[in-house]
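Derivation of every value follows stated rules applied to the coordinates shown; laboratory data play no part. Note that this is a predicted model, so its numbers are computed, not measured. Counting neighbours? That spans all protein chains shown, and the Cβs are built from the backbone with ideal geometry, glycine included.
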There are 2 protein chains.
Amino acid sequence: MNTVETIPELRQAIKQLERPLGLVPTMGYLHEGHLSLVRLAREQSASVVTSIFVNPTQFGPNEDLDAYPRDIPKDLALLEAEGVDLVWMPSPEIMYPEGFQSWVDVAEVTQVLEGAQRPGHFRGVTTIVAKLFNAVQPDKAFFGQKDAQQVAVIEQMVRDLDFPLEIVVGPIQREPDGLALSSRNVYLDIEQRKAATVLNRALKAAKASYEAGERSGDVIRQTMTKTIQAEPLAKMQYVSCAHPRSLQELKEIVEDGTLLSMAVFVGKTRLIDNLVLGPNH
Amino acid sequence: MNTVETIPELRQAIKQLERPLGLVPTMGYLHEGHLSLVRLAREQSASVVTSIFVNPTQFGPNEDLDAYPRDIPKDLALLEAEGVDLVWMPSPEIMYPEGFQSWVDVAEVTQVLEGAQRPGHFRGVTTIVAKLFNAVQPDKAFFGQKDAQQVAVIEQMVRDLDFPLEIVVGPIQREPDGLALSSRNVYLDIEQRKAATVLNRALKAAKASYEAGERSGDVIRQTMTKTIQAEPLAKMQYVSCAHPRSLQELKEIVEDGTLLSMAVFVGKTRLIDNLVLGPNH
């Protein structure tokens, strides 16, 4: 497994790789969620590139950029074991040199849910992802369904700006008790860790209601809200029952692909989770 | 010479072309300025793609989008004669389908000169150019020095977003009396056509002053202003003596590459021109 830092080194290394090329962008501190994406990339590509970059422009001023967990030696060992061909670990100075001033902005779909709670977050995401795409030029790029809005935003950007690649979305990976894997789960103490299952429990309650025939967006949102409010250590930020592409809140569940999602604080840790409703999900 | 409209057709046609691939983006109504870029592309590339697209998002609400001159049959004959391999002529609906919402924004360098006079213009330019780059994936893209700020903005975007290509800039093409070639010159009547040489005369006066030893930005700007004000049919919008990359106005001429530029109305026609000062220019 080869490791590079600068873009010229990256371009040189990529020339040696067989196509099709799969890219798995990460912020490091890898868990089974990331590794499942690497395996998906491995299955669908002749070569796999993983990037590790904690992107400062997608963190708000009061968010956890400095505290964001990092463990590069462990990450590299995991990626090597998965048969990754190339790991790109640029510095912030390489990605955002002095005088940097170009941004990719996706409008409507970034204004709700995570975008409403984290102003500027998606501008940071789309800009760094555009840079990763241009630098690596993958045939496919792999993202996790865990960040459902990120997937919708990146798919919108790829369609609108004609990026010559395919986005592949891997399913959410969960602990045995249903907690979605996240690098931020390390912030949770034992009691909080138990309480954190409330996100998945709320999604399951909503799904049960849907499967029992409920089609009202309001009722579905209410079901999720009540489950979260019953957990003393959890503080709900939002719940959503939305169209899967536009992410606009629904009055009535759409035929296929309705996205249920939420952000919940457990202590100081902000967790997100989601589930797609519909016969094909 | 092959002609395509949709992006799938384009991608299919490009697969057949030899690399390196040169792209010459145009808005059609081609003149010698465009053709000189095509020849430059021909010299430096194995294959040449030209796009013809009058990009609505770079025109302001009070600008000449609807009136913008078009002559596709003539354009195609000219490009065929220059040995262009592929012409891409997308419709506005292909480039901006319903729900389009992604934009590329370059910040500081778009805020002055043309950007100050034409709000939103460069957002339209950078967005369409990013789309052209992603759709065609050229090795080199060719732009005219006539639009000096456009060149600075696109070079900034390419550096910041890591587009995997080289920008090549072709020199301004001029009529025998010095008027810079422009598709908009067709708007000029005979008297206006004579008056329009004032842009080049102002640039030459400034250059003569520089060559005589003048180094003050204010004096150089004053020299251009006076020349333009002496022409009754001309109405100056701005003159500039600026740093070639940042486009910030200069108090003192920089060692090499100072950009002199201006926008002048002759009748209702808005004309621009520029010249680079310095020993290597």
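Stokes-Einstein diffusion coefficient for region B:164-261 at 4 °C in a medium of 1.567 mPa s, Rh from the Kirkwood formula over Cα pairs: what value in µm²/s?
Numbers: Rh = 14.8 Å.
For the chosen part, D equals 88 µm²/s.
Report the per residue volume, in Å³, of the convex hull enclosing the C-alpha atoms of the protein assembly as shown.
On the way: hull volume 95.4 nm³, N = 562.
Cα-based convex hull of the protein assembly as shown, divided per residue, equals 170 Å³.
Quick one: grab the alpha carbon gyration tensor of region A:1-119, order the square roots of its eigenvalues as a ≥ b ≥ c, and give me rounded if a/c is under 1.5, else prolate or oblate depending on whether a/b is larger than b/c.
Numbers: a/c = 1.65, a/b = 1.50, b/c = 1.10.
In terms of gyration-tensor shape, prolate.
Each residue of region A:79-93 in order: what ³J(HN,Hα) in whole Hz does its phi give by Karplus 6.51 cos²θ - 1.76 cosθ + 1.60, θ = phi - 60°, with x for Gly and Pro?
Listing the rounded values in order: 5, 4, 5, 8, x, 5, 7, 8, 10, 10, 10, x, 7, x, 5 Hz.
Quick one: compute the contact order of region B:183-276, relative version, from alpha carbon pairs under 8 angstrom and 6+ residues apart, as a percent. Don't skip to the answer; put the middle values down first.
Values: 149 pairs, mean separation 28.1, N = 94.
Across region B:183-276, relative contact order equals 30 percent.
Identify all lysines with a Cα-Cα distance to A:Lys74 below 29 Å; exclude those on the same chain that are fewer than 8 residues away in sequence.
Answer for A:Lys74, where 29 Å is the Cα cut-off: A:Lys15, A:Lys131, A:Lys140, A:Lys146, A:Lys194, A:Lys268, listed by chain and number.
Would you please give the residues with an amide H less than 5 Å from that of B:Ser45, counting only those at least 5 places away or on a separate chain, with H modeled from the backbone geometry?
When sequence neighbours closer than 5 places are left aside, there are no close amide H contacts.
May I ask you to evaluate 6.51 cos²θ - 1.76 cosθ + 1.60, the Karplus curve with θ = phi - 60°, for each residue of region B:203-209 and list the ³J(HN,Hα) values in order in whole Hz, giving x for glycine and proline?
Listing the rounded values in order: 5, 5, 5, 5, 5, 4, 4 Hz.
Check which residues have an amide H placed less than 5 Å from A:Gln237's amide H, if you skip close sequence neighbours.
Placed amide hydrogens put A:Ala263, A:Val264, A:Phe265 under 5 Å from A:Gln237.
What does the structure give for B:7-15 when I average, per residue, the other chain Cβ atoms found within 10 Å of the residue Cβ?
Values: counts 2, 0, 0, 1, 2, 0, 0, 1, 0.
Per residue, the average neighbour count from other chains is 1.
Mind checking the alpha-carbon convex hull of chain A and giving the volume per residue in Å³? Can you show the working numbers first?
Numbers: hull volume 36.8 nm³, N = 281.
Taking only Cα atoms, chain A has a hull volume of 131 Å³ per residue.
So which aspartates and glutamates pass the test for B:Lys207, namely a Cα distance under 15 Å, with those fewer than 8 places away in the same chain ruled out?
Of all the aspartates and glutamates, those that pass the test against B:Lys207 - Cα under 15 Å, at least 8 places apart if same chain - are B:Asp218, B:Glu252, B:Glu255, B:Asp256, B:Asp273.
State, to one decimal in nm, how far the label point of B:Asp66 lies from the label point of A:Ser246, with both points 7 Å from Cα in the Cβ direction.
Here the answer is 2.9 nm between the modelled labels.
Which whole number gives the average count of other chain Cβ atoms within 10 Å of the Cβ atoms across peptide A:104-113?
Working: counts 8, 7, 3, 4, 2, 3, 2, 1, 0, 0.
For this peptide, the per-residue mean of nearby foreign Cβ atoms is 3.
Along the charge dipole of chain A, which of A:Ile128, A:Ala148, A:Thr269 sits closest to the positive end, that is, farthest toward it, with unit charges on the beta carbon of Lys, Arg, Asp and Glu (+1, +1, -1, -1)?
A:Thr269
222 nm [θ] for chain A, helices only, -39500 (n - 2.57) per DSSP H run of 4+, per residue, to 500? The partial results should precede the final answer.
Values: 10 runs with 104 residues, N = 281.
Roughly -11000 deg cm²/dmol at 222 nm, from the helical runs in chain A.
Each label point is 7 Å from the Cα along the Cα-to-Cβ direction; what then is the distance between the points at B:Gln111 and B:Arg19, in nm?
Placing both labels 7 Å beyond Cα along the Cβ direction yields 3.9 nm.
For peptide A:125-133, what's the mean number of Cβ atoms from other chains within 10 Å of each residue's Cβ?
Working: counts 0, 3, 4, 1, 0, 8, 4, 1, 5.
Across A:125-133, the average partner-chain Cβ count within 10 Å equals 3.
Roughly how tilted is helix B:121-136, in degrees to the nearest 10 and between 0 and 90, from the longest Cα axis of chain B?
With rounding to tens, the tilt is 30 degrees.
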